[in-house]
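The structure's right below; bear with me while I get my questions together.
The values are calculated or read from the model by the stated rules, or taken from the named source; none is laboratory data. These numbers come from a predicted model, not from an experiment. Here the Cβ is made from the backbone with ideal geometry for all residues, glycine too, and neighbour counts use every protein chain on show.
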């Protein structure tokens with residue numbers, strides 16, 4: 001059973017460009033979560049999505065960041081007009097439901113802004 | 001803010017049991033205790049979770065005190081590959097986000 005797949009593993013962008021991070025959940029999982037980890041810090045929740053719906057985006061910055069989880073295909077975290085402070089590791093997790101089942105994480109995308 | 005308190009770091013000799021404590025004195029009746037670990041540059045790895053009974057799986061054991069205000073993760077025979085940051089997280093059923101604290105940095109030495 002394949003785990004949570006994230007790509008790319010590493011992404012380099014110049015200031016002002018757009019970054020698109022992809023996440024394919026585990027098979028049978030319909031709930032997706034995005035977290036951000038700044039250097040030397042813990043993970044911070046960003047957004048929780050189910051198919052075609054954003055359930056909780058309380059951790060998302062109000063500007064430049066958006067997320068989607070379409071009916072077909074992976075979940076996408078999009079960062080527009082990136083700035084140096086967006087440099088971080090972005091992790092995606094998935095779970096089969098919103099009960100007590102654990103979230104399983106991918107190995108993340110390391111975003112570096114030049 | 002995280003609802004748990006963990007020691008910043010711990011050491012353990014290879015082959016010995018690693019006992020990682022966690023305080024969650026404000027835990028609610030519907031909140032589960034989850035343990036994850038993060039090995040350098042990898043995504044967090046789920047270890048185990050429980051509500052009030054002790055739990056065991058192929059990776060570890062989770063001991064939860066009767067009052068549920070603290071718990072201990074036990075790695076029965078630590079190996080060098082168990083060196084990681086271990087996170088104790090409380091989360092209510094049917095809630096979404098995991099709130100990560102600073103965790104315990106476990107160093108297993110030969």
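From the list A:12, A:32, A:4, which one is touching a strand residue (DSSP E or B) at 6+ places or on another chain (Cβ under 7 Å) and away from chain B (no Cβ under 11 Å)?
A:12
Within region A:59-78, can you find the residues that are surrounded by 11 or more Cβ atoms within 10 Å (Cβ to Cβ) and free of Cβ contacts under 8 Å to residues at least 12 places away in the same chain?
A:61, the sole residue that qualifies.
Counting just the residues of region A:35-52 that are more than 25 Å from residue B:102 (Cβ to Cβ) and within 12 Å of chain B (Cβ to nearest Cβ), which one comes out farthest from the chain's Cα centre (by Cα)?
The qualifying residue farthest from the chain's Cα centre (by Cα) is A:50.
I need the full set of residues from region B:10-34 which are outside any strand (DSSP E or B) and under 15 Å from residue B:89 (Cα atoms), in order please.
Matches in region B:10-34: B:24, B:25, B:26, B:27, B:28, B:29, B:30.
Shifting gears a bit: Go through (1) more than 18 Å from residue A:105 (Cβ to Cβ); (2) at pLDDT 95 or above for residue B:94 and report which single condition fails.
Looking at each condition in turn, residue B:94 falls short on (2).
Here is a follow-up. I'm trying to understand the selection: among the residues of region A:78-96, which are part of a strand (DSSP E or B) and over 13 Å from residue B:46 (Cβ atoms)?
A:78, A:79, A:88, A:89, A:90, A:92
Considering only residues of region B:85-106 that are touching a residue at least 40 places away in the same chain (Cβ under 8 Å) and either more than 13 Å from every other protein chain (Cβ to nearest Cβ) or in a loop (DSSP other than H, G, I, E, B) (or both), which is farthest from residue B:33 (Cα to Cα)?
Applying the filter and picking the extreme gives B:106.
Determine which single condition residue A:107 fails, assuming it passes every other condition in (1) over 23 Å from residue A:2 (Cβ atoms); (2) surrounded by fewer than 21 Cβ atoms within 10 Å (Cβ to Cβ).
Evaluating residue A:107 over (1) over 23 Å from residue A:2 (Cβ atoms); (2) surrounded by fewer than 21 Cβ atoms within 10 Å (Cβ to Cβ) leaves (1) as the failure.
Continuing with the same structure: Please enumerate the residues belonging to region B:50-81 that are crowded, with 19+ Cβ neighbours inside 10 Å and assigned to a strand (DSSP E or B).
Scanning region B:50-81 gives B:50, B:62, B:64, B:71, B:73, B:75.
Right, something else. For residue B:18, state whether it is surrounded by 21 or more Cβ atoms within 10 Å (Cβ to Cβ) and in contact with a strand residue (DSSP E or B) (Cβ under 8 Å, 6 or more places away or on another chain).
When the stated conditions are applied, residue B:18 passes them.
So residue B:39 fits all but one of (1) surrounded by fewer than 16 Cβ atoms within 10 Å (Cβ to Cβ); (2) more than 30 Å from residue A:59 (Cα to Cα); what number is the exception?
(2)
Of the residues in region B:39-49, how many are more than 8 Å from chain A (Cβ to nearest Cβ) and part of a strand (DSSP E or B)?
2
Select from region A:97-114 the residues that are touching a residue at least 60 places away in the same chain (Cβ under 8 Å), within 13 Å of chain B (Cβ to nearest Cβ) and in a loop (DSSP other than H, G, I, E, B) and list them in ascending order.
Hits for region A:97-114 are A:97, A:98, A:103, A:106, A:107, A:108.
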